[in-house]
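First comes the structure, then the notes that go with it.
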């Protein structure tokens, strides 16, 4: 007769070892569930379901009880194959352990258990009800041989020995009463009894499917399944749900920041005083990151619970840099990075700290798992990770359960083109309106037209602006509009003269091809000291360039550097240049470029030069937006830039036809996203159709330059986490052009591009390729 202590939940880590017991796994899952409740104790209020936590607790306790069956145990021990779903067997045990099948709680609990690995439609397709017309037996009948007296006895022992002691004298004591009377006896007809409960599950499922995505039942289903998935999957990985003590109060955070209250800027103090949603507008370099963290710490103290903090940025490079920064302030163990290349970025970061390749890989995989399993108290991510939930990719309910009642800091919102911005606003509206999230949007400048859209999305919010005195302190750039093209001899000679005089020079082009052309010209002026940085280098080369550049500026006496870049420089390097030469661009982009110069205000003023000559081919920007930006900058020509006055110029850019067209595009994307994506957002299932749409819209395209194929194969064997770092991103239009030209081939799952690549120039595309990359 099998004993409960011998029942495994997980297979052994290696042959000959013991598997993890069901009791131990259930204990871990329960502990993580309680941590989820500490995060957001008010979830039940969001969905009008007072019994949400009780239902989730029962689902957590019994989610794997089906593993008590003999077939599953034999499979874990390598003694036999087992093809049935243990979740269905858990529902069979539930139907016997809880005697009253008419309970309103039961179908909710059973639906969560049944779907904690598979979608409900897939389960239903596999275990169909009896069909008398087609003379088909009940699909559950294949489980009859597993529903033995020993199975029900073991399930009852799990309840009485492991679960009941955890429930007595807790807020879930009602469950103890419910389960105390459970029977160890096998039901008279276990298949029929299980079918009765399955029918109730799918009655509930169909009712939710027929309703609106914002209905109380749909939201309750999302949160219920999400809570179980987070608790179970993190417990399976032996990952605990974390909490960051340094964010528990503004006093604790100020200590971590090594700042005194009297040293703060006025906008930083104001951020600490806000309750709820806010917009922060402050000059570049004036401590917006610190202000955002202080806002988050203040919300922690006001709202109760231990909400997750999401720090949302548009670019992976800026997220990688912010990961290092927040790790120092909040503690490495509390911060997790999540984006499509996070694993490779983390591996490289840990390896740079002198960890061995094996230890760096272990630490990188651990942090990536913590982020993926929704266990980190502070998470750095792009908005596309949140959009995965809206597109109902597998496990989307866990994304929503983590985000509910969370805190979100969104920086650089200006960086998104109208279509993606509309999608993001739709998701932010849902998070704020329906899921209790509190949001802070930060920017150096934000057009009033976008402020109004944010107010519409988020409802009541406070707008925090730096004082006129603070803006005056940050007047540090003298603007020169020049009529010549950035690649003209006159501009190149002036930039080279600045470099020879000891200044660090930043030259920013709008496209990769122009940057490559400019670099080729500038090395004739300044030799090997000229560095090129853009988005068509692979991650290994780009990281090496950034390290070299930082070393030039920080070791001993800073040495003058000359960097030619696209606007990727805005989002990765925390470095201070002395002078800027830039292609014309929309005003928000130019303000970001200005912010890379005299960042620390070591000099009273530094020069920024902007070409007023529009390049012949600059497909990445709307021509009217660039023209209006130059028009807005004209009053400042040869004078000091004032970011407070620039706000007026930005509002002017968006006040006319351009702004109306821009807003119409944003609103159109917002409406279509709500109609085509959010409206179909339902629990207990994913959506393959929307998953394909997500991949078309957001998944980047990467290629391996043909010349790097041998090195890629070598790394795949020796350091597999480094190998993806040799891939180079290209746009979908460039991919189609290369494919049509016969320059692409697939090798062992990797797209190889027959294009030149060098560490100096990066990937060089054929001249006929559209230059729409950054």
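The values are calculated or read from the model by the stated rules, or taken from the named source; none is laboratory data. Only a predicted model underlies this, so the values are computations on that prediction, with no experimental measurement involved. In this analysis, Cβ positions are derived from the backbone assuming ideal geometry, glycine residues included, and neighbour counts consider all displayed protein chains.
Remarks
- Test result for residue 760, out of contact with any helix residue (DSSP H, G or I) (no Cβ under 7 Å at 6 or more places or on another chain), surrounded by fewer than 19 Cβ atoms within 10 Å (Cβ to Cβ) and either part of a helix (DSSP H, G or I) or on the phi > 0 side of the Ramachandran plot (or both): no
- Condition check for residue 404 on (1) crowded, with 22+ Cβ neighbours inside 10 Å; (2) under 27 Å from residue 48 (Cα atoms); (3) touching a strand residue (DSSP E or B) at 6+ places or on another chain (Cβ under 6 Å): one failure, at (3).
- The residues of the stretch 257-284 that are crowded, with 18+ Cβ neighbours inside 10 Å, touching a residue at least 40 places away in the same chain (Cβ under 8 Å) and either over 23 Å from the mean Cα position of the chain (by Cα) or assigned to a helix (DSSP H, G or I) (or both), listed by number, are 257, 265, 267, 270, 271, 274, 281, 282, 283, 284.
- Scanning the stretch 459-481 for residues that are within 24 Å of residue 526 (Cβ to Cβ) and outside any strand (DSSP E or B) gives no hits.
- Residue 321 being in contact (Cβ under 8 Å) with a residue 40 or more places away in the chain and more than 18 Å from residue 250 (Cβ to Cβ): yes
- Residue 434 being in contact (Cβ under 8 Å) with a residue 60 or more places away in the chain, at negative phi, in contact with a helix residue (DSSP H, G or I) (Cβ under 7 Å, 6 or more places away or on another chain) and not assigned by TED's automatic domain parsing to the domain that holds residue 608: yes
- Hits in the stretch 67-82 (condition: touching a strand residue (DSSP E or B) at 6+ places or on another chain (Cβ under 9 Å) and part of a loop (DSSP other than H, G, I, E, B)): 77
- Elements of type helices (runs of 4 or more DSSP H) in the stretch 83-189, at least 3 residues being more than 40 Å from the chain's Cα centre (by Cα) and closer than 17 Å to residue 26 by Cα: 149-157
- Only one of 492, 486 that is crowded, with 17+ Cβ neighbours inside 10 Å and under 28 Å from residue 418 (Cβ atoms): 486
For every residue, the table says whether it meets (1) touching a helix residue (DSSP H, G or I) at 6+ places or on another chain (Cβ under 7 Å); (2) more than 24 Å from residue 330 (Cβ to Cβ); (3) in contact (Cβ under 8 Å) with a residue 60 or more places away in the chain.
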residue	(1), (2), (3)
186	yes, yes, yes
193	yes, yes, yes
202	yes, yes, yes
209	no, yes, yes
219	yes, yes, yes
227	yes, yes, yes
243	no, no, yes
251	no, no, no
254	yes, no, no
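- Every test in (1) in contact with a helix residue (DSSP H, G or I) (Cβ under 9 Å, 6 or more places away or on another chain); (2) closer than 24 Å to residue 530 by Cβ; (3) part of a strand (DSSP E or B) is passed by residue 484 save one, and that test is (3).
- Number of residues in the stretch 3-35 that are farther than 25 Å from residue 150 by Cβ and either in a loop (DSSP other than H, G, I, E, B) or outside the structural domain of residue 223 (by TED's automatic domain parsing) (or both): the value is 4.
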